[in-house]
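The values are calculated or read from the model by the stated rules, or taken from the named source; none is laboratory data. All values reported here derive from a predicted model rather than from experimental measurement. Heads up, the Cβs are rebuilt from the backbone with ideal geometry, glycines too, and the neighbour counts pull from every protein chain shown.
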Amino acid sequence: MLELREVVKHYRVGDGEPVRAVDGVSLSIERGELVALYGPSGSGKSTLLMLIAALLRPDSGAVLVNGCEVSALSEDEGARYRLRELGYVDQSLDLLPGARVIENAAVKLWLTDARNAEQRVKPLLHRLGLGERLRHRPHELSMGERQRVMIARALSTDPKLVLADEPTGNLDTRRGREVLALLRELCHERLMAVLLVTHDPQAAAFADRTHTLCDGRLVKYEPDELFMTPALRVGGE
């Protein structure tokens with residue numbers, strides 16, 4: 001579903017050395033597979049997601065989604081790709097201020113002229129614990145609730161590829177685990193390919209595979225022993 005082939009994206013700031021945000025990354029993710037990409041802030045994770053979302057073009061290498069090289073898409077084609085084929089959970093919490101939760105979650109469905117958009121997204125909002133907030137507006141929500149509305153919006157069109165940029169960043173530990181468990185459940189249930197980038201080590205416990213991105217390169221994931229205790233493993237493994 002997703003294949004990265006030696007993808008490179010460097011930035012130059014002033015006259016200094018180039019910043020190697022993504023430096024020869026190769027990775028593949030199949031349908032029904034949730035892959036976590038772990039790394040600290042500034043390691044290149046968000047840049048990699050923007051390349052996959054066709055918001056940036058790589059300096060070299062190829063980004064293939066279902067066999068299509070997304071880096072070759074025109075601006076209009078890229079917009080259609082993000083609307084119809086991609087679920088993208090970013091960190092912006094960019095909700096429409098006057099719209100209610102159910103309306104915010106249904107935005108992508110409306111833009112694709114889907115019928116019964118609000119009814120289609122309602123079960124997902126219930127699964128995300130927002131069943132009692134459907135008629136609330138963004139200013140009435142906590143940061144964590146806003147994050148879950150963004151997740152519902154990203155998944156509303158039943159995409160086959162989902163990119164999640166720090167989806168638990170605004171959630172407490174309990175709600176974070178619930179959201180990660182739901183992402184994994186929906187990934188397997190809907191046969192989505194999910195790439196989750198995070199600096200939260202607990203996310204690795206919910207992934208089928210975990211990689212570390214360090215200075216723009218994939219390296220072997222070394223789990224933090226703090227997060228390998230039975231209490232924090234899935235199913236107490």
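Met192 meets the conditions (1) within 30 Å of Thr112 (Cα to Cα); (2) at pLDDT below 85 in every case but one. The failed one is (2). Each residue in the stretch 132-147 was checked for being part of a helix (DSSP H, G or I) and either acidic (Asp, Glu) or within 18 Å of the chain's Cα centre (by Cα) (or both), and 6 of them qualify.
Only a single criterion out of (1) in contact with a helix residue (DSSP H, G or I) (Cβ under 7 Å, 6 or more places away or on another chain); (2) at pLDDT 90 or above; (3) assigned to a loop (DSSP other than H, G, I, E, B) is not satisfied by Leu93, namely (2). Only a single item in (1) closer than 30 Å to Cys214 by Cα; (2) buried (at least 19 other Cβ atoms within 10 Å of the Cβ); (3) within 14 Å of the chain's Cα centre (by Cα) is not met by Leu171, and it is number (3). Considering the conditions (1) assigned by TED's automatic domain parsing to the domain that holds Lys9; (2) aliphatic (A, V, I, L, M); (3) more than 15 Å from the chain's Cα centre (by Cα); (4) closer than 22 Å to Thr168 by Cα, Met50 is excluded by exactly one of them, (3).
Only one of the numbered conditions (1) among the acidic types (Asp, Glu); (2) under 23 Å from Thr168 (Cβ atoms); (3) over 16 Å from the mean Cα position of the chain (by Cα) is not met by Glu69, and that is (2).
Scanning the stretch 66-81 for residues that are surrounded by fewer than 21 Cβ atoms within 10 Å (Cβ to Cβ) and either among the hydrophobic types (A, V, I, L, M, F, W, C) or in the same structural domain as Met143 (by TED's automatic domain parsing) (or both) yields a count of 4.
Test Ser74 against the criterion of being in contact with an Asp or Glu (Cβ under 6 Å, 6 or more places away or on another chain) and free of Cβ contacts under 8 Å to residues at least 40 places away in the same chain, and give yes or no. Show your work before the answer.
Numbers: in contact with an Asp or Glu (Cβ under 6 Å, 6 or more places away or on another chain): no; free of Cβ contacts under 8 Å to residues at least 40 places away in the same chain: yes.
It is false that Ser74 is in contact with an Asp or Glu (Cβ under 6 Å, 6 or more places away or on another chain) and free of Cβ contacts under 8 Å to residues at least 40 places away in the same chain.
State whether the residues of the stretch 102-123 include one that is assigned by TED's automatic domain parsing to the domain that holds Glu3, farther than 17 Å from Lys160 by Cα and of a type in the set (A, V, I, L, M).
Narrowing the stretch 102-123 to residues assigned by TED's automatic domain parsing to the domain that holds Glu3: none.
Looking for residues that are assigned by TED's automatic domain parsing to the domain that holds Glu3, farther than 17 Å from Lys160 by Cα and of a type in the set (A, V, I, L, M), one finds none in the stretch 102-123, hence no.
Scan the stretch 32-59 for residues that are more than 18 Å from Thr210 (Cβ to Cβ) and surrounded by fewer than 16 Cβ atoms within 10 Å (Cβ to Cβ) and report the count.
4
Answer yes if at least one residue in the stretch 120-131 is in a loop (DSSP other than H, G, I, E, B), modelled with pLDDT of 90 or more and not aromatic (Phe, Trp, Tyr), and no otherwise. Among the residues of the stretch 120-131, at least one is in a loop (DSSP other than H, G, I, E, B), modelled with pLDDT of 90 or more and not aromatic (Phe, Trp, Tyr), which makes the answer yes.
Within the bounds of the stretch 103-118, is there any residue that is surrounded by fewer than 20 Cβ atoms within 10 Å (Cβ to Cβ), within 16 Å of the chain's Cα centre (by Cα) and without any contact (Cβ under 8 Å) to a residue 40 or more places away in the chain? So far as the stretch 103-118 goes, no, none of its residues is surrounded by fewer than 20 Cβ atoms within 10 Å (Cβ to Cβ), within 16 Å of the chain's Cα centre (by Cα) and without any contact (Cβ under 8 Å) to a residue 40 or more places away in the chain.
Can you pull out the residues in the stretch 185-201 that are assigned to a helix (DSSP H, G or I) and either hydroxyl-bearing (Ser, Thr, Tyr) or surrounded by 19 or more Cβ atoms within 10 Å (Cβ to Cβ) (or both)? Within the stretch 185-201, Leu186, Cys187 qualify.
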